[in-house]
Amino acid sequence: MNRDPDSISFARDQRARANEFANKVWQMVRARRCCGEKFRREYPIDPYCTDFCCVALKLVIEVDGEHHFTEEGRAYDQNRDQYLRELGYEVLRFNGFDVLREPKLIRDQIAAAIVKRRSGAAPSHPAPLPPKLRGNVD
């Protein structure tokens with residue numbers, strides 16, 4: 001996916017100014033701590049920037065602060081989530097205060113989404129080897 005320099009700059013700025021909600025989730029998922037999956041922080045998917053993204057599974061995690069609870073914020077999030085779903089991403093949204101109050105529950109929900117995405121993205125079983133390569137079974 002092509003990323004423009006403005007998106008990258010915005011993502012870097014967001015990482016530097018992350019709030020305690022985002023930092024708590026980052027501690028849960030960074031360095032493959034959650035089910036061994038790699039998450040990227042403030043990952044740009046033009047024209048948006050996601051809080052956290054597991055590119056391999058197309059799983060996005062959003063941590064909502066107070067600006068997400070305004071009418072304008074909800075409408076923006078709804079459009080953004082629809083756009084990401086059309087690209088094949090699953091979007092998990094968590095209230096920032098819930099992240100602080102119930103971190104184990106949040107981590108469990110992230111892990112469950114990872115397991116679900118893995119099972120949906122699993123390759124089909126390989127075809128059996130032809131008889132020549134299996135040896136003489138006849």
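No lab work stands behind these numbers, since they all come straight from the coordinates. Not measured: the values here are computed from a predicted model. Here Cβ is always computed from backbone atoms with ideal geometry, including for glycine, and neighbour counts include all displayed protein chains.
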Response to the item:
Per-residue Cβ contact counts at 10 Å, fewest first, order Glu72, Glu20 as Glu72, Glu20
Worksheet item: Along the charge dipole of the range 5-120, Cβ charges K/R +1 and D/E -1, which of Ala31, Ile110, Gly88 sits furthest on the positive end?
Response: Ala31
Item to complete: Translational diffusion coefficient, Stokes-Einstein: compute it for the range 5-120 using the Kirkwood radius over C-alpha pairs as Rh, at 20 °C and 1.002 mPa s, and state it as an integer in µm² s⁻¹.
Response: 149 µm²/s
Fill in: Dipole magnitude of the range 18-118 about its Cα centre (Cβ charges: Lys, Arg +1; Asp, Glu -1), debye to nearest 20
760 debye
Worksheet item: What does the charge count near Glu62 come to, summing +1 for each Lys or Arg and -1 for each Asp or Glu among other residues with Cβ under 9 Å from its Cβ?
Response: -2
Worksheet item: So how do Val55, Val115 line up by other beta-carbon neighbours within 10 Å, fewest first?
Response: Val115, Val55
Item to complete: Pop a pseudo-label 7 angstrom from the Cα along the beta-carbon direction at both Asn19 and His68 and give the gap in nm to one decimal.
Response: 0.9 nm
Response to the item:
When Ile114, Ile61 are ranked with the fewest other C-beta atoms within 10 Å first, the list becomes Ile114, Ile61
